[in-house]
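Asker: First, the structure itself, so that you have it in front of you.
The values are calculated or read from the model by the stated rules, or taken from the named source; none is laboratory data. All values derive from a computational prediction rather than experimental measurement. Quick reminder, even Gly has a Cβ in these numbers, built from the backbone with ideal geometry, and neighbours come from all protein chains shown. Side chains are part of the model used for accessible areas, which takes the heavy atoms of the whole protein and leaves out ligands, DNA and RNA. Shrake-Rupley method; radii C 1.70, N 1.55, O 1.52, S 1.80 Å.
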Amino acid sequence: MGSYTKTIESVVTVYKYSSRVVVAYNGAIRNVQQTRITSFTETQRTILVDMLRGNCSCSNLLTSATRSQIISQSRSLPPGIQKQLLRGKGLPPGIAKKLVPLPKQVNTYINLPTYYDLYVVGSNVVLVDTVRYVVVDYITDVFL
């Protein structure tokens, strides 16, 4: 057994509850460390709230169909579920079905890495790490 040098790096996301697989990178090894987000910045929070309330020029990132979905299910999460989210736990299946995904253009606009997804559930915005499939942070009562 000789030693060998690794020369290829692959970044692949396999989604837990679907057959979707996304290859984000497959090539030479990069020296860049991936950034891990632990919470929204104040600027990101402000932009997201303003966008969802329709109070900023970036509101055009959301289609009318997405807005309709958000409005039709906009009620707060129960307090127990909010506490679970705060602890980094997942959503119960019944509530997870009601998630409304925000377009990836929103991630780009607020400077989030591509392996995070933004969802609206009730009147909350949830940031999900799609690699580890955990809730990283959330904003409550966006529409109040």
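Asker: For the range 73-93, state whether one or more residues are under 17 Å from the mean Cα position of the chain (by Cα), within 21 Å of Ser123 (Cβ to Cβ) and at pLDDT 85 or above.
Answerer: The answer is no; no qualifying residue exists.
Asker: Still on this structure: May I ask you to list the residues in the range 14-23 that are open to solvent by less than 70 Å² (accessible area, probe 1.4 Å) and modelled with pLDDT under 75?
Answerer: Tyr15
Asker: Between residues in the range 89-115 that are polar (S, T, N, Q) and residues that are assigned to a loop (DSSP other than H, G, I, E, B), which pairs lie under 7 Å by C-beta distance while being six or more apart or on different chains?
Answerer: Asn107/Thr114
Asker: Right, here's the next one. Would you mind stating whether Val135 is at pLDDT below 90 and part of a loop (DSSP other than H, G, I, E, B)?
Answerer: No: the conditions fail for Val135.
Asker: Additional query: Would you mind stating whether Ser59 is assigned to a loop (DSSP other than H, G, I, E, B) and over 23 Å from Tyr17 (Cα atoms)?
Answerer: It is false that Ser59 is assigned to a loop (DSSP other than H, G, I, E, B) and over 23 Å from Tyr17 (Cα atoms).
Asker: Identify all residues within the range 34-67 that are modelled with pLDDT of 90 or more and among the charged types (D, E, K, R); write none if there are none.
Answerer: Glu42, Arg45, Asp50
Asker: How many residues are in a helix (DSSP H, G or I) and either exposed (fewer than 10 other Cβ atoms within 10 Å of the Cβ) or β-branched (Val, Ile, Thr) (or both) when one looks only at the range 40-53?
Answerer: Residues in the range 40-53 being in a helix (DSSP H, G or I) and either exposed (fewer than 10 other Cβ atoms within 10 Å of the Cβ) or β-branched (Val, Ile, Thr) (or both): 5 in total.
Asker: Kindly provide the set of residues from the range 54-68 that are open to solvent by 50 Å² or more (accessible area, probe 1.4 Å) and closer than 14 Å to Phe143 by Cα, ordered by number.
Answerer: Across the range 54-68, the qualifying residues are Asn55, Arg67, Ser68.
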